[in-house]
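K.L.:
Following this message is one structure expressed as structure tokens.
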Amino acid sequence: MWLPVLVIGVLLVVVVHQAIVVTGNPNLVPSLLLLGSLLVPVTFVLYLDGRSPAYDVPLSVLLICGLLGGVLGTAAASVAESDAVQHLGGLPTVLIGLIEECAKLLVPIGVLMFTRYRSNPADGLLVGVAVGTGFAVLETLGYSFVILLVSGSLGLTEQTLLLRGVLSPAAHIAWTGLAAAALWHAHAQRWRPRALVVAVGTFVLVVVLHAIWDAAAYWPTYVIVGGISLALLIRQARKDVLTVDGRARPATPAGAG
């Protein structure tokens with residue numbers, strides 16, 4: 001499904017952009033912001049979901065996770081960051097990473113505790129990716145809206161949409177996917193000490209990656225941090241492909257299929 005969604009989404013963005021250019025109608029700007037924010041993150045979720053038979057979570061549940069995770073995550077992070085600024089007089093990047101990564105885990109923890117989508121360890125990654133997608137989409141919408149208000153430049157706003165959209169799989173989506181996957185793995189291992197250490201270590205890692213990303217001032221840093229984050233996510237997804245219902249599956253021979 002991911003390829004048709006990507007192609008149709010790009011065409012819709014172009015159509016809306018051209019309509020704004022031709023008519024100058026500001027009523028179309030929210031459509032452009034929404035489409036631009038959704039396109040790459042949603043395509044990435046569909047791509048990941050279609051890669052493995054190991055995932056049991058239906059798209060309807062992923063949609064709910066993305067919506068709740070985005071709204072609750074951004075709201076909780078905003079309140080916590082505002083409170084931290086009032087008490088500390090500033091907001092270190094490591095604290096931003098800690099707050100936002102904690103906020104994004106609210107919905108995955110709820111899914112793990114209260115739904116039936118907790119028995120399959122592979123589902124954690126997909127739930128986390130969906131929540132990270134919701135968070136990234138709403139954050140991108142917010143940044144783009146502010147830039148549009150401050151600058152009044154549609155071109156600058158579209159650049160922000162494109163940049164944040166392309167980078168989102170290597171940032172919020174990857175970090176939340178990794179953290180949630182570690183939680184599901186720990187649950188599958190009945191919270192044994194080793195699995196718990198892995199879950200805590202994974203969370204610390206994503207907080208550090210997030211903090212470095214926020215503190216970065218040069219493109220090479222984004223490339224390195226984003227590359228590490230995305231490589232770890234793909235590696236975890238690959239492990240899920242080889243594991244269905246807790247049983248190892250042999251890898252497909254090179255060139256097969």
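K.L.:
Just the residues that are aromatic (Phe, Trp, Tyr), more than 24 Å from LEU141 (Cβ to Cβ) and under 16 Å from the mean Cα position of the chain (by Cα), please, taken from the range 168-226.
P.N.:
PHE203
K.L.:
Scan the range 176-199 and tell me whether some residue there is of a type outside the set (A, V, I, L, M) and closer than 15 Å to GLY66 by Cα. Steps first, answer last, please.
P.N.:
Restricting attention to the range 176-199, the residues satisfying the condition of being of a type outside the set (A, V, I, L, M) are 176-177, 184-185, 187, 189-194.
Still in the running and closer than 15 Å to GLY66 by Cα: 176-177.
Yes.
K.L.:
Another question, then. Need the failing condition index for GLY142 against (1) over 20 Å from the mean Cα position of the chain (by Cα); (2) in contact (Cβ under 8 Å) with a residue 60 or more places away in the chain, just the number.
P.N.:
(1)
K.L.:
Only residues that are hydroxyl-bearing (Ser, Thr, Tyr), within 21 Å of ALA188 (Cβ to Cβ) and open to solvent by 40 Å² or more (accessible area, probe 1.4 Å): list them for the range 67-120, please.
P.N.:
Scanning the range 67-120 gives THR115, SER119.
K.L.:
Here's another thing I want to ask about it. Just name the residue that is modelled with the highest pLDDT out of those in the range 45-72 that are of a type in the set (A, V, I, L, M, F, W, C) and touching a Ser or Thr at 6+ places or on another chain (Cβ under 7 Å).
P.N.:
We begin by selecting, within the range 45-72, every residue of a type in the set (A, V, I, L, M, F, W, C); these are 45-46, 48, 54, 57, 59, 61-65, 67-68, 71-72.
Still in the running and touching a Ser or Thr at 6+ places or on another chain (Cβ under 7 Å): 45, 54.
Values: VAL45: 91, ALA54: 72.
Ranking the qualifying residues of the range 45-72, first place goes to VAL45.
K.L.:
Let me ask another. Answer with yes or no whether LEU11 is touching an Asp or Glu at 6+ places or on another chain (Cβ under 9 Å), more than 29 Å from PRO121 (Cα to Cα) and either surrounded by fewer than 18 Cβ atoms within 10 Å (Cβ to Cβ) or modelled with pLDDT of 95 or more (or both).
P.N.:
On the way: touching an Asp or Glu at 6+ places or on another chain (Cβ under 9 Å): no; more than 29 Å from PRO121 (Cα to Cα): yes; either surrounded by fewer than 18 Cβ atoms within 10 Å (Cβ to Cβ) or modelled with pLDDT of 95 or more (or both): yes.
No, not satisfied.
K.L.:
How many residues are part of a helix (DSSP H, G or I) and either under 12 Å from GLU100 (Cα atoms) or open to solvent by 30 Å² or more (accessible area, probe 1.4 Å) (or both) when one looks only at the range 190-201?
P.N.:
As a first pass, look at the range 190-201 and keep what is part of a helix (DSSP H, G or I): 193-201.
If we keep only those that are either under 12 Å from GLU100 (Cα atoms) or open to solvent by 30 Å² or more (accessible area, probe 1.4 Å) (or both) too, we end up with 193-194, 196-198, 200-201.
Residues flagged as part of a helix (DSSP H, G or I) and either under 12 Å from GLU100 (Cα atoms) or open to solvent by 30 Å² or more (accessible area, probe 1.4 Å) (or both) within the range 190-201 amount to 7.
K.L.:
Among the candidates LEU161, LEU149, LEU105, single out the residue that is modelled with pLDDT under 95, farther than 18 Å from ASP214 by Cα and among the aliphatic types (A, V, I, L, M). Even if it seems obvious, please write down each step before you answer.
P.N.:
On the way: LEU161 fails: farther than 18 Å from ASP214 by Cα; LEU105 fails: modelled with pLDDT under 95.
After ruling out the rest, the residue left standing is LEU149.
K.L.:
Sticking with this structure for a sec: Being buried (at least 16 other Cβ atoms within 10 Å of the Cβ) and over 15 Å from GLY70 (Cα atoms) is the filter here, so list the residues in the range 127-153 that pass it.
P.N.:
SER144, PHE145, ILE147, LEU148
K.L.:
Failed condition for ARG51, given (1) in a helix (DSSP H, G or I); (2) under 18 Å from the mean Cα position of the chain (by Cα), with all others met?
P.N.:
(1)
The values are calculated or read from the model by the stated rules, or taken from the named source; none is laboratory data. This structure is a prediction, so every number in the text was calculated from the model and none was measured. Here the Cβ is made from the backbone with ideal geometry for all residues, glycine too, and neighbour counts use every protein chain on show. Keep in mind that these areas ignore ligands, DNA and RNA; they rest on the heavy atoms of the full protein, side chains included. Shrake-Rupley method; radii C 1.70, N 1.55, O 1.52, S 1.80 Å.
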